[in-house]
Amino acid sequence: MAELLIVSLILVTLGAVAAPRVSRSAGLDRQAICTSNLERINSAIETCYNTTGQYPNSMEDIISDKHYFPAGCPECPIRGQYILNADRHAVCTH
Ligand SMILES: [Zn+2]
């Protein structure tokens, strides 16, 4: 019975140590996905510029174009929104 208690305490201790690391790792993964999404959107913006000679006037112009995003615009996994900055490049609000 004492062995079971000791094993339980060890498992609880390991869980308490591991949980914050798992959470932080998931946060880094979501940030990486957001960065990757921004790279895709900015690549589409540059392709638009190289094709038409103009940057899109709004984020809606680029994300609604099925030529660039046939499956729809990617969404920020951290609940931010992608917007155009003054340089006509996408940034995230998160
Ligand atoms: Zn984001």
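Within region 43-94, which trypsin sites (Lys or Arg not before Pro) sit in a loop by DSSP and count at most 11 neighbouring Cβ atoms inside 10 Å? Please list the in-between numbers first.
Values: sites: K66, R79, R88; in loops: K66, R79, R88.
Listed in order of number, the matching sites are K66, R79.
Fully extending the segment from Y49 to K66, taken as 0.36 nm per residue of separation minus the present Cα-Cα distance, adds 4.5 nm.
Report the charge-dipole magnitude of region 29-94 in Debye, nearest 20, computed about the Cα centre from +1 at each Lys and Arg Cβ and -1 at each Asp and Glu Cβ. Spell out each step's value before the answer.
On the way: 5 positive and 8 negative charges, 23 e Å.
That gives a dipole near 100 debye.
Rule-based calculations on the coordinates, nothing more; no lab input. It should be emphasised that the depicted structure is a prediction, and the values quoted were computed from it without experimental measurement. Virtual Cβ from ideal backbone geometry, glycine too; neighbours counted across all protein chains shown.
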